[in-house]
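In what follows, a structure is listed as structure tokens, so that the remarks can point back to it.
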Amino acid sequence: MEDHSLRLQFKFAGIPEDQIEIALENFYGLGGAPEITCMGDYAAAKSLYAVMDASVPPQDTHSAVARYVITLGARMTEWEMRSRLNPS
């Protein structure tokens, strides 16, 4: 069952509706952000992260949005580390 407050938090953060759908599918299906597999994914994640991170209070580490932001940041870090180890 979808948490409608999570959808509203994404909207309040200024996330476009199509990106909200992708984020919610990944959050409920995977428990967080999807793996980043290409530079396009990374660019989209970086943009989304900037908007979402700015909307989450620093002390919030437990809400659904905060958990998504945390996993998104971790995915971005994984991508950055892989990119440094395997430059194209």
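Condition (residue is open to solvent by 50 Å² or more (accessible area, probe 1.4 Å) and of a type in the set (A, V, I, L, M)) applied to the range 55-69: is it met by at least one residue? Full working, then the answer.
Step one: list which residues in the range 55-69 are open to solvent by 50 Å² or more (accessible area, probe 1.4 Å), which gives 57-59, 61-62, 67.
With of a type in the set (A, V, I, L, M) added as a condition, the list becomes none.
No: the range 55-69 contains no residue that is open to solvent by 50 Å² or more (accessible area, probe 1.4 Å) and of a type in the set (A, V, I, L, M).
The set of residues from the range 1-21 being modelled with pLDDT under 80, among the aliphatic types (A, V, I, L, M) and assigned to a helix (DSSP H, G or I) comprises just one member, Leu6.
What is the residue count in the range 42-54 for residues that are among the small types (Gly, Ala, Ser) and open to solvent by less than 40 Å² (accessible area, probe 1.4 Å)?
Of the range 42-54, the ones among the small types (Gly, Ala, Ser) are 43-45, 47, 50, 54.
Those still in the list that are open to solvent by less than 40 Å² (accessible area, probe 1.4 Å) too: 45.
The number of residues fulfilling the criteria is 1.
Just the residues that are open to solvent by 60 Å² or more (accessible area, probe 1.4 Å) and of a type in the set (Gly, Ala, Ser), please, taken from the range 70-88. The answer is Ser88, and nothing else. Among the residues of the range 22-41, those identified as crowded, with 17+ Cβ neighbours inside 10 Å and in a helix (DSSP H, G or I) are Ala23, Leu24, Asn26, Phe27.
The values are calculated or read from the model by the stated rules, or taken from the named source; none is laboratory data. Source: prediction; values computed, not measured. Here the Cβ is made from the backbone with ideal geometry for all residues, glycine too, and neighbour counts use every protein chain on show. Heads up: the accessible areas ignore ligands, DNA and RNA and are worked out on the full protein's heavy atoms, side chains in. Shrake-Rupley method; radii C 1.70, N 1.55, O 1.52, S 1.80 Å.
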